[in-house]
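The values are calculated or read from the model by the stated rules, or taken from the named source; none is laboratory data. Bear in mind the structure is a predicted one, so any value in this text is a computation, not a measurement. Quick reminder, even Gly has a Cβ in these numbers, built from the backbone with ideal geometry, and neighbours come from all protein chains shown.
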Amino acid sequence: MFGKTIFALFVIAAASAAVISCGCGESGIGDSGISADGNAATAYQDGTNAKSNVIKISGKAQNAGIGIDGVKVSAGTLKTTTGNNGYFALNVPVSSNSKRVAVFFEKDGYSSNVKVIYSVKAGKAYSIKVNMKSADVYKKINPAVSNTVSLNDNGNNLIAQVKIPAYSLIDPSGQPVTGSVNIGLTYGDPTKQDGKNIFPGDYMSVESAGSDIETPIESIVFADITIKDENGKRIYWIDHANPCSITLRLPESLQKAFNTGDSIAWWSLNENTGVWLREDAAPLTSSADDARVIDVGGIKYAQADVMHFSSWNCDQTYTRAYFKVRVLDEKGKPVQDCIVRADGVSYEAVTTAVTDTEGYAEIFVKGSDSAVTETAKLFAEIAHAKFYYDITHFSEGEVEENELNTPPMQKTAVLSNIIRVPEMGQINVTVLDMDLKPVSGVDVYSTADQVVTTDEKGKASFNGPENIAVQIFIPRSDISVNETTVTNAGVPENVTLLYVPPYDEE
């Protein structure tokens with residue numbers, strides 16, 4: 001029996017190999033990952049350009065599922081931009097001691113984001129899907145006068161606000177910024193899925209710059225604030241004598257959890273690592289302070305002063321507990337290098353682990369105590385599709401909603417069931433040019449963590465998960481992205497595609 005043949009224009013299929021491997025989704029005031037010249041610092045260990053020392057990162061930047069073109073993508077000093085459909089690819093050198101790589105995304109008028117890839121292995125491919133949204137407020141301001149940039153709800157109640165004193169914005173040399181600037185303000189409510197989708201980084205924190213002791217955090221409220229000058233260069237710095245202030249409304253579900261006068265730990269995002277750094281929310285005082293909870297018209301807000309611009313976050317740390325779970329395919333085969341995530345239900349955080357050679361992953365969650373039972377959902381991720389752990393007994397948690405009760409703090413629960421994922425099938429690719437001649441040496445990508453290169457006959461083969469749609473693309477080709485699905489793991493899919501070189505190769 002022959003598999004289905006798809007003839008499409010410009011794009012090429014790719015999927016995961018026999019062992020499933022899924023992507024994430026992973027200094028001056030260099031506390032924030034910013035070097036003195038205003039650029040992101042290097043995000044990975046030193047390596048060479050040898051193929052064996054490189055990981056291939058690809059993916060899509062999107063807003064409500066629609067690709068965003070022209071997004072600047074960087075991993076350390078390596079940079080690219082997304083094509084018309086939001087897709088990109090980036091080859092990143094890594095060394096033997098590289099544990100993870102952070103990828104930064106930004107575009108004027110949108111919230112920025114950072115995605116982290118875990119347990120990186122040289123020679124492997126990783127796929128990222130990153131969510132960005134149009135800035136809630138995007139406007140031009142004059143930094144020579146005082147500015148108040150506000151976001152209000154339909155009832156004209158304040159949601160978020162940034163106050164910028166006159167002449168407080170400075171360049172790297174410490175001089176006041178001249179000329180108009182553009183500010184983008186995006187408010188994030190992590191208790192809602194839309195907010196959780198755009199949360200940058202990986203819910204990990206450090207208490208001080210340079211510390212390698214990371215602590216998990218749960219988000220309460222966050223915001224992305226980006227300012228650029230007339231030439232499109234980011235402005236990070238604020239005159240230390242004139243800090244700016246940020247006010248963020250606490251989510252509706254958390255309004256009663258805090259009282260006026262309470263404090264909440266205040267953090268800025270290191271764009272280089274995706275890790276949050278604890279900051280002083282009142283830098284002009286002699287002591288280190290957290291964000292203050294204030295009341296405005298019966299609504300509670302967190303308020304803090306800042307000395308630089310980035311993403312900012314009100315968070316609280318928590319004590320870990322652990323789940324150990326196994327991932328098997330439909331034939332009972334262990335799945336190695338598969339992403340497993342725990343999505344907090346009673347708390348606002350997502351954590352990630354990767355399966356070992358036997359398909360096991362140990363993932364940390366917020367631990368329960370005698371007073372509060374925390375809950376989370378657990379799933380494996382392949383080609384950005386989610387496969388949830390199935391709760392079959394009330395002793396593990398809520399059966400109907402598949403919400404696991406987390407173990408007591410610092411304890412590990414070995415789960416009795418498994419996470420089942422699809423079997424892999426084969427996809428055969430033939431790449432032809434516009435004259436229908438084979439094209440060799442073309443790298444083609446998929447959302448199933450795989451890159452393949454065509455041979456002298458324009459052919460390549462790879463695996464794809466059964467019954468899961470896989471997006472296939474050549475980055476920066478200005479083309480329609482194609483999609484293919486292995487409908488039967490025992491029957492190969494044959495894909496023939498026409499190729500037009502990416503526009504930066506012409």
Looking across the stretch 82-111 at residues that are farther than 18 Å from Asn272 by Cβ and charged (D, E, K, R), the single one that is nearest to the chain's Cα centre (by Cα) is Lys107
Members of the stretch 425-444 that are of a type in the set (D, E, K, R) and modelled with pLDDT of 90 or more: Lys437
Strands (runs of 3 or more DSSP E) fully within the stretch 272-350 counting 2 or more residues that are of a type in the set (A, V, I, L, M) and under 22 Å from Gly195 (Cβ atoms): 291-296, 299-306, 339-344
Name the single residue that is surrounded by the fewest Cβ atoms within 10 Å (Cβ to Cβ) among those in the stretch 463-474 being of a type in the set (A, V, I, L, M) and either within 18 Å of Ser58 (Cα to Cα) or modelled with pLDDT under 90 (or both). Ala469
Select from the stretch 201-239 the residues that are among the β-branched types (Val, Ile, Thr) and in a loop (DSSP other than H, G, I, E, B) and write down the one among them that is farthest from Met307 (Cα to Cα). Ile213
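Residue-wise test of (1) under 24 Å from Ala75 (Cβ atoms); (2) among the aliphatic types (A, V, I, L, M).
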{"residue": "Asp212", "(1), (2)": "yes, no"}
{"residue": "Thr215", "(1), (2)": "no, no"}
{"residue": "Ile227", "(1), (2)": "yes, yes"}
{"residue": "Arg234", "(1), (2)": "yes, no"}
{"residue": "Asn242", "(1), (2)": "no, no"}
{"residue": "Leu254", "(1), (2)": "no, yes"}
{"residue": "Val275", "(1), (2)": "yes, yes"}
{"residue": "Leu284", "(1), (2)": "no, yes"}
{"residue": "Asp290", "(1), (2)": "no, no"}
Hits in the stretch 355-401 (condition: farther than 16 Å from Asp329 by Cβ and assigned to a strand (DSSP E or B)): Glu362, Ile363, Phe364, Val365, Lys366, Ser368, Thr375, Ala376, Lys377, Leu378, Gly397, Glu398
Please specify each residue of the stretch 445-462 satisfying the condition of being buried (at least 20 other Cβ atoms within 10 Å of the Cβ), at pLDDT 85 or above and in a strand (DSSP E or B). Tyr445, Ser446, Gln450, Val451, Val452, Ala460
What is the residue count in the stretch 427-444 for residues that are closer than 17 Å to Asn482 by Cα and in a strand (DSSP E or B)? 8
Please verify whether the stretch 269-283 includes one or more residues that are touching a helix residue (DSSP H, G or I) at 6+ places or on another chain (Cβ under 6 Å) and closer than 29 Å to Thr375 by Cα. yes
Looking only at the stretch 409-451, which residues are over 28 Å from the mean Cα position of the chain (by Cα) and hydroxyl-bearing (Ser, Thr, Tyr)? Ser416, Thr430, Ser440
